[in-house]
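The values are calculated or read from the model by the stated rules, or taken from the named source; none is laboratory data. This structure is a prediction, so every number in the text was calculated from the model and none was measured. Positions of Cβ are generated from backbone atoms using ideal geometry, with glycine treated the same way; all protein chains shown enter the neighbour counts. Ligands, DNA and RNA are excluded from the accessible area calculation, which covers all protein heavy atoms including side chains. Shrake-Rupley method; radii C 1.70, N 1.55, O 1.52, S 1.80 Å.
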Amino acid sequence: MKKLWISGIISLLLIALTSTNLSAGVLTGKNPAAGTEKHEEVKQLTEEDINEMNDGNALIVYNDYGYVSTLIGKYYDKPVNNYEEAIESLWGVQLLLGLGKGSEFFAVYGETDNNGYTYYTFQQKYKDYTVINGTLRVIIGPDGYTAGLANSFTPNLGMAEEEFEITKEEAEDFIEELYADYDLKIYPEATQKVAVNYNNMVCECWAVYTNNPDMDMSFDMAYLEHFITLDGQYFQVIPTQSLETDNMDTYKTEDYFKYLVAEEFTTRVIRGDGEEVEITVPISKNVNDGLYYMADPERMIIAADYYMFAYYETAVFLTSETIDGWDPNYLQAYANYIKAYDFYKNLGLKSVDGFETPILIAYGFCDEEGNPVDNAAYMGNNMGWATFAVSEINTVSQALDVVAHEFTHGVTRQSMYGRNYYNEYGAISEAYSDIMGNICEMSLGMTDDTEWLIGETSGRVERNMSDPNMYGQPSFVGDVYYMPEVISPLNDINDNGGVHYNSSLINYIAYSLYKGGMSFEDQASMWLTSIELLTPFSDFDDIHAVLLWSLRINDLLEYGEIINRVYEEEQMNGDRLSTYRNTRRNFCGRIEFQVDKALAESYCLVMFQDSNGTVTSAYPDANGVVSALLPIGTYYVELLLYEGGALKDFIDYMENGWGDGERLIGVSLKNGDVITLAPVYLMNPDTEPEPAPEPEPQPEPEPEPEPEPEPEPAPEPQPEPEPEPQPEPQPEPQSEPLLNMITFENDDFSIMMPEGWRIETTGYYPDGGFTIKIWDPMNPSMQAFYYSVVGYFVKSESAQMANLSYDSTGFYAGAPVLDPMDSEGLLKAWPACVNYQKFFFEYCFTELSNINVLACTELVGPYSEYGFHESCAIATCSTDWDENCIIYVDSAVTGEGEHMIDGVDAELLTLLGVEGILAPENQFDMYSEELAMCIASLTFK
């Protein structure tokens with residue numbers, strides 16, 4: 001990307017439309033940017049007009065307030081050669097954008113990409129302040145005519161001015177008092193007046209900056225930006241990456257590289273995943289002091305101490321007396337930042353902003369007390385450096401996809417000219433970082449991963465972009481893990497409205513394009529181009545249009561059907577607040593209730609705990625509705641209320657309603673149920689019993705104790721508790737051995753399975769096999785399975801080698817050894833069998849480790865009469881979910897003849913009718929009979 005200008009260096013041009021008059025859809029007046037000449041009246045275009053200009057191929061997206069947020073297509077009939085003409089192009093769409101009298105904005109920067117498209121970016125003004133996240137982009141095609149625009153300007157500027165105005169110090173004191181119980185540090189040098197866009201209104205506020213004490217949960221943002229209205233009301237808080245105090249032009253950071261001479265240094269290191277790798281990096285010697293620096297003067301990347309830089313604003317660089325005196329963890333992170341830099345440089349972008357801003361890698365990520373932070377982060381542009389933090393207590397920066405993820409946060413932050421990090425806007429930011437991180441890592445051949453994992457080479461996987469549910473992310477709007485838009489996002493309570501949850505919905509588009517055959521090079525170009533088409537308020541609807549637009553720009557239109565299909569499958573278009581509440585799922589139901597405005601705007605979450613102790617969280621959405629899709633079962637419900645980041649109160653769902661009864665009760669949820677609980681109001685539950693004492697003045701009912709026979713019925717309830725409450729405790733055993741069985745049936749088979757469990761099958765695959773697995777979604781280590789055919793196996797390691805020499809690429813070359821040739825051998829070969837079966841089909845065995853066979857017994861079963869050797873075996877093992885489990889299998893061995901290759905019996909074996917159950921050690925005895933009954937009930941049609 002070729003950058004044309006930036007307003008951070010010089011103030012370019014203020015465009016004030018204050019002299020325009022809007023009447024009956026006609027704009028008249030003059031454009032101050034174009035001199036004093038009188039402009040003709042300009043017709044205001046409609047959607048129909050724009051479609052006509054584009055032969056019906058225009059695409060227009062409207063925001064929640066009815067104004068255009070994304071427009072793809074031509075909307076102006078004259079060529080545009082500079083930013084003044086870009087402004088003129090907006091006159092005819094002023095009504096569609098909501099630019100009325102008094103609108104002010106100024107040029108920020110322009111750039112031309114490798115495809116010949118030019119992007120003119122403007123930011124909105126309100127009085128003397130730049131409107132945070134108020135961005136408008138005009139895009140010009142290679143032919144010199146408008147190709148579209150993206151808009152997050154606020155059309156309804158202004159709030160009533162207050163006569164009373166708090167001071168800067170009073171705003172800081174307000175935050176200090178509100179967060180008295182929270183570990184916050186205020187940065188008074190950064191406090192400033194700003195204009196804030198909130199719910200499509202702009203309000204003047206004090207912006208007070210603090211540290212972000214939940215970096216380990218927020219993952220990326222180092223600071224919190226608190227907005228307090230000038231009359232002293234807490235307006236909003238959002239995470240941010242920097243303190244926004246920089247005048248980049250005042251720092252001469254490039255001077256630090258003047259006396260550094262780079263030398264190539266090669267060494268071998270052990271990566272976090274245990275693999276030994278070789279890395280080569282530039283290490284620089286300072287000609288003045290003779291010390292070596294972890295620095296690259298060509299790219300202007302250097303390493304320094306985090307604590308001194310973050311808390312004392314002093315760059316203390318990492319040095320060594322020898323070229324090899326470096327921490328291997330830090331050295332690997334340094335190597336990865338160089339690779340990420342080169343990845344973006346090859347796409348036309350030098351550093352995070354295209355202006356070659358020097359990069360500082362701050363090692364020893366910690367809080368102000370020096371306690372290490374378990375994280376990696378882009379810290380924003382600070383004191384002339386694009387700053388990244390690396391921790392000493394994790395290895396995540398040893399993964400290139402993680403480092404490129406953080407680097408991409410810098411790219412999107414600089415390119416989008418905004419810092420919305422909440423709800424869908426934050427999820428989009430996280431998705432772009434995940435996507436570009438993986439494309440960078442895979443395109444450079446730094447991983448064998450094909451599932452699009454995040455962090456796998458560090459030994460610490462964070463997300464799975466091909467299977468989001470694996471790490472607690474949603475697969476569609478309304479999924480169990482989906483988080484709807486919230487009114488008040490806060491990082492440590494609701495993940496800023498699900499930024500690390502809902503990012504999976506966009507992530508899956510990238511994985512689908514990869515599966516559809518799009519190259520890494522084309523993906524990188526498509527996603528980077530789309531970044532240039534976004535504004536800070538672009539949501540999922542805008543992303544859909546922007547991705548299709550980017551395909552058009554990059555001549556990749558054949559992939560549009562994949563994007564459309566994913567959007568449809570994930571239910572991402574339209575009113576997602578309605579969609580998620582109307583979503584249903586097999587073996588699930590929904591519990592929901594309304595909270596009042598005070599609760600919806602405060603920080604609260606709702607905990608749903610089932611009889612196994614598994615907890616699911618939900619939050620009031622932007623309409624004040626708590627709606628949770630949950631696996632069928634019984635749930636106890638509790639609402640937790642926070643203030644200033646600390647837990648203030650909680651309200652339980654009791655026998656007589658919220659916090660109102662004598663006994664906590666469970667809500668029973670059956671398949672397809674939608675259960676609506678009573679609404680919740682912001683109150684102190686202790687105040688509600690006070691109305692109850694008022695009936696105490698009713699001593700008149702007390703005479704009724706005279707007929708003390710009534711107490712006699714009281715003994716009658718006593719016998720009732722004996723028979724009736726006795727069954728009530730019996731649900732407790734239900735949560736242990738009793739499983740409520742239901743029948744699952746399709747065209748091929750039927751089977752009895754526990755209610756609320758899930759089932760997966762491959763159907764028939766080429767060799768005639770059929771696989772079924774059923775499992776508890778709340779405890780995946782609890783399962784039953786059936787495989788009609790499993791193979792191939794060989795009898796010995798010599799047979800393995802013989803098959804390999806006979807056909808090194810065939811089906812048989814990697815067949816595991818079955819020794820002994822029975823179910824015990826199957827368990828011993830289980831890990832090798834898992835890898836080998838993937839050669840035939842994706843869905844396979846559950847991965848197990850630490851397998852210790854306890855016993856194996858011959859079995860007379862359905863295959864015995866055909867002469868096949870049947871047996872059953874039992875073993876202890878561990879699952880991927882860190883559970884110590886017991887597994888039982890039975891099977892029959894076929895192919896016990898001979899097939900000689902070079903004097904070795906290389907006969908191939910298969911196992912028929914492999915049936916089994918798996919359960920945690922402490923639950924196996926309780927559930928084994930029921931699980932065995934499931935498999936025994938399997939009937940083919």
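Quick one: work out the % antiparallel among DSSP beta bridges in segment 312-408, nearest 5. Display every interim value, and only then the final one.
On the way: 7 of 12 bridges.
The antiparallel fraction comes to roughly 60 percent.
Amide H to amide H under 5 Å from Cys366: which residues, 5+ apart in sequence or cross-chain, H placed 1.01 Å off N in plane?
Val373
Are there GluC sites (Glu not before Pro) in segment 582-660 that DSSP marks as loop and that have at most 16 other Cβ atoms within 10 Å, and which are they? Before the final figure, lay out the partial values.
Values: sites: Glu592, Glu601, Glu638, Glu643, Glu655; in loops: Glu655.
Sparse-neighbourhood loop GluC sites (Glu not before Pro): Glu655.
Give the accessible surface of segment 60-138 per residue, rounded to a whole number of Å², with probe radius 1.4 Å and ligands, DNA and RNA excluded. Walk me through the intermediate numbers first.
Values: 2540 Å² over 79 residues.
I get 32 Å² per residue for segment 60-138.
In whole Hz, what ³J(HN,Hα) sequence does segment 337-347 give by Karplus (6.51, -1.76, 1.60; θ = phi - 60°), x for Gly and Pro?
Per residue, the Karplus-derived 3J(HN,Hα) values read 5, 5, 5, 5, 4, 5, 4, 6, 4, 5, 8 Hz.
Quick one: with all protein chains in place, what share of the accessible area of segment 302-387 is carbon or sulfur, to the nearest percent (1.4 Å probe)? Don't jump to the answer; show the numbers that get you there.
On the way: 1320 of 2870 Å².
The value for segment 302-387 is 46 percent carbon and sulfur by accessible area.
I need the peptides 868-880, 612-624 ranked by packing, meaning the mean over residues of other C-beta atoms within 10 angstrom, with the highest value on top.
On the way: 868-880: 19.2, 612-624: 17.7.
Taking the mean over residues of other Cβ atoms within 10 Å, the ranking is 868-880, 612-624.
With all protein chains present and a 1.4 Å probe, how do Asp660, Asp143, Asp596 order by accessible area, largest first?
Details: Asp660 75, Asp143 110, Asp596 35 Å².
Result of the area sort, largest leading: Asp143, Asp660, Asp596.
Read phi for every residue in segment 545-551 and hand back ³J(HN,Hα) as whole Hz from Karplus 6.51 cos²θ - 1.76 cosθ + 1.60, θ = phi - 60°, with x for Gly and Pro.
5, 5, 5, 5, 4, 5, 4
Rounded to the nearest 10 Å², what accessible area does Asp181 have for a 1.4 Å probe in the complete protein model?
140 Å²
What accessible area, in Å² to the nearest ten, does a 1.4 Å probe give for Phe365?
Estimated to the nearest 10 Å², Phe365 gives 10 Å².
About its Cα centre, how strong a charge dipole does segment 302-403 have in debye, to the nearest 20, once Lys and Arg get +1 and Asp and Glu get -1 at the Cβ?
Working: 3 positive and 14 negative charges, 100 e Å.
Around 480 debye, computed over segment 302-403.
Where the convex hull is taken over the Cα atoms of segment 850-925, what is its projected area averaged over directions, in nm²? Intermediate results must be reported in sequence, preceding the final value.
Working: hull surface 27.3 nm².
So the Cα hull casts an average projection of 6.8 nm².
Answer with one residue from Met483, Asn420, Cys440: the one whose Cα lies farthest towards the positive end of the charge dipole of segment 408-495, charges on Cβ with Lys, Arg +1 and Asp, Glu -1.
Asn420
Using modelled backbone amide H atoms (1.01 Å from N, in-plane), which distant-in-sequence or interchain residues come within less than 5 Å of Gln192's amide H?
Amide H neighbours of Gln192: Ala207.
Might you report the magnitude of the Cβ-based charge dipole of segment 842-910 about its Cα centre, with Lys and Arg at +1 and Asp and Glu at -1, to the nearest 20 debye?
Numbers: 0 positive and 14 negative charges, 43 e Å.
It works out to roughly 200 debye.
Using the heavy atoms of the protein chains alone and a 1.4 angstrom probe, what is the accessible area of segment 421-471 per residue in square angstrom? Could the numbers behind the result be given before it?
Values: 1450 Å² over 51 residues.
Heavy-atom accessible area per residue stands at 28 Å².
Output the direction-averaged projected area (hull surface divided by four) of the convex hull of the alpha-carbon atoms of segment 349-499, in nm². Display every interim value, and only then the final one.
Values: hull surface 39.9 nm².
Reported value for the Cα convex hull: 10.0 nm².
Taking the solvent-accessible surface of protein heavy atoms with a 1.4 Å probe, what is the per residue accessible area of segment 482-595 in Å²?
Numbers: 3560 Å² over 114 residues.
With the other protein chains kept in place, segment 482-595 gives 31 Å² per residue.
List the residues whose amide H sits under 5 Å from the amide H of Asp660, counting only those 5 or more places along or on another chain, with H placed 1.01 Å from N in the peptide plane.
Met654
Taking all pairs of distinct Cα atoms, average 1/r, flip it, and tell me the Kirkwood hydrodynamic radius of segment 892-941 in Å to one decimal place. Please report the intermediate quantities before stating the final value.
Numbers: mean 1/r = 0.0706 Å⁻¹.
Computed over Cα pairs of segment 892-941, the Kirkwood hydrodynamic radius comes out at 14.2 Å.
I'd like the Karplus ³J(HN,Hα) series for segment 431-436: coefficients 6.51, -1.76, 1.60, θ = phi - 60°, whole numbers in Hz, and an x wherever there's a Gly or Pro.
After applying 6.51 cos²θ - 1.76 cosθ + 1.60, I find 5, 4, 5, 4, 5, 5 Hz.
Quick one: dipole size for segment 463-524, taken about the Cα centre, charges +1 on Lys/Arg Cβ and -1 on Asp/Glu Cβ, in debye to the nearest 20.
Numbers: 2 positive and 7 negative charges, 24 e Å.
Computed about the Cα centre, the dipole is about 120 debye.
When the Kirkwood radius is taken over all Cα pairs of segment 269-365, what Stokes-Einstein diffusion coefficient follows at 20 °C and 1.002 mPa s, in µm²/s? Write down the numbers at each step before the final one.
Numbers: Rh = 14.4 Å.
Estimated via Stokes-Einstein, D reaches 149 µm²/s.
May I ask you to derive the FRET efficiency for Phe520 and Glu368 from their Cβ-Cβ distance with R0 = 45 Å, giving the value to the nearest 0.05? Mind dumping the intermediate values first?
On the way: r = 41 Å, r/R0 = 0.91.
Efficiency, from the Cβ-Cβ distance: 0.65.
Using a probe of 1.4 angstrom, how much of the accessible area of segment 431-553 is carbon and sulfur, in percent?
Working: 1330 of 3010 Å².
Here carbon and sulfur together make up 44 percent of the probe-accessible area.
Output the pairs from Lys193/Lys345; Lys252/Lys285; Lys127/Lys350; Lys515/Lys670 with a Cα-Cα distance over 31 Å in this structure; if there are none, say none. Present the calculation step by step, with values, prior to reporting the outcome.
Details: Lys193/Lys345 36 Å; Lys252/Lys285 20 Å; Lys127/Lys350 35 Å; Lys515/Lys670 37 Å.
In this structure, Lys193/Lys345; Lys127/Lys350; Lys515/Lys670 exceed 31 Å between Cα atoms.
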